[in-house]
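One structure is given here, and the rest of the page talks about it.
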Amino acid sequence: NNRKFHLRVYVLAIGALKVYVYHDILALFSRDRYNNDSSLSSVENFDLKCHITNTCFQLEHLDKNNNSNEFKKVEDECVKRFWELELDKAKLDLIFNQIKDCTGRIFECLICEPTVFQPLENAFELFGFDYLVDQNFNCFFLESNAFPDFKQTGDNLNSLIDCLFYQTISLTCDEFFDLGKVCDPTKMSLVY
């Protein structure tokens, strides 16, 4: 619908080093339709809502309690499940495979840079990787967030984060306790 978006991908790094990409990806949209109006001559008149896909920016002017209907509507428009986007499965799979490949390559490069990245045995870390997708369905790495904002999912998609943590616990902790599996980590893809 002519709105900018980026993908938020949750990445789990375990020990020194296994890396997993979480299957349930978020698509974070700008609130307004894209506008590349070249007649805008000053920064004061420039509306960022059609250019910025950060969820906090999209919702910052809305009071969740006082404007709950509008807040929910904007949240629903700006935060969607990747696998429910109106694209055919082949395109979604193409994008997901590029994300897995790129994420694996990033960690392959990082492992050789101990001054930048130091994975530790018996430790894990969750990252939020952001990707852009062009009109030809090519993925481009945008940034990595060492402190991903899990509330970006919004109230409707809390189950996505709950599942992420169960999958993480299963991969990182189950082997240390004789309590049975927390869950089967089927939503995690090993990429490195």
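Only residues that are surrounded by 13 or more Cβ atoms within 10 Å (Cβ to Cβ) and more than 13 Å from Val11 (Cβ to Cβ) were counted across the range 102-111, and they come to 2.
Within the range 158-183, the set of residues being among the aliphatic types (A, V, I, L, M) and without any contact (Cβ under 8 Å) to a residue 24 or more places away in the chain comprises Ile161, Ile169, Leu179, Val182. Just one of the numbered conditions (1) under 11 Å from Leu7 (Cβ atoms); (2) open to solvent by less than 30 Å² (accessible area, probe 1.4 Å); (3) touching a strand residue (DSSP E or B) at 6+ places or on another chain (Cβ under 6 Å) is not true of Phe96: (3).
Of all residue pairs spaced 6 or more apart or on separate chains, those with beta-carbon atoms under 9 Å, a first member in the range 1-25 that is on the phi < 0 side of the Ramachandran plot and without any contact (Cβ under 8 Å) to a residue 60 or more places away in the chain and a second member that is hydroxyl-bearing (Ser, Thr, Tyr) and open to solvent by 30 Å² or more (accessible area, probe 1.4 Å) are Arg3/Tyr34; Lys4/Tyr34.
Residue-by-condition table, conditions (1) out of contact with any strand residue (DSSP E or B) (no Cβ under 7 Å at 6 or more places or on another chain); (2) farther than 18 Å from Gly15 by Cα; (3) basic (Lys, Arg):
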{"position": "Lys100", "(1), (2), (3)": "no, yes, yes"}
{"position": "Glu113", "(1), (2), (3)": "yes, no, no"}
{"position": "Pro119", "(1), (2), (3)": "no, no, no"}
{"position": "Asn136", "(1), (2), (3)": "yes, yes, no"}
{"position": "Phe141", "(1), (2), (3)": "no, yes, no"}
{"position": "Lys151", "(1), (2), (3)": "yes, yes, yes"}
{"position": "Asp162", "(1), (2), (3)": "yes, yes, no"}
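Taken over the range 154-170, the criterion of being part of a helix (DSSP H, G or I), open to solvent by less than 40 Å² (accessible area, probe 1.4 Å) and over 14 Å from Ile25 (Cβ atoms) is satisfied by Thr168, Ser170.
Within the range 75-91, being under 15 Å from the mean Cα position of the chain (by Cα), under 15 Å from Val133 (Cα atoms) and part of a helix (DSSP H, G or I) holds for Phe82, Trp83. Among the residues of the range 128-172, the one identified as among the β-branched types (Val, Ile, Thr) and closer than 18 Å to Asp101 by Cα is Val133.
Of the residues in the range 166-187, at least one is closer than 26 Å to Leu110 by Cβ and among the basic types (Lys, Arg). Only residues that are assigned to a loop (DSSP other than H, G, I, E, B), farther than 18 Å from Asn54 by Cα and open to solvent by 50 Å² or more (accessible area, probe 1.4 Å) were counted in the range 1-36, giving 3. The set of residues in the range 119-149 being assigned to a loop (DSSP other than H, G, I, E, B) and either hydrophobic (A, V, I, L, M, F, W, C) or surrounded by fewer than 11 Cβ atoms within 10 Å (Cβ to Cβ) (or both) consists of Leu120, Glu121, Asn122, Ala123, Asp134, Gln135, Asn136, Phe137, Ala146, Phe147.
The values are calculated or read from the model by the stated rules, or taken from the named source; none is laboratory data. Just so you know, these numbers come straight off a predicted model, no measurement behind them. Note: ideal-geometry Cβ built from the backbone for every residue, glycine included; neighbour counts use all protein chains shown. Quick note on the areas: whole protein, heavy atoms, side chains included, nothing else; ligands and nucleic acids left out. Shrake-Rupley method; radii C 1.70, N 1.55, O 1.52, S 1.80 Å.
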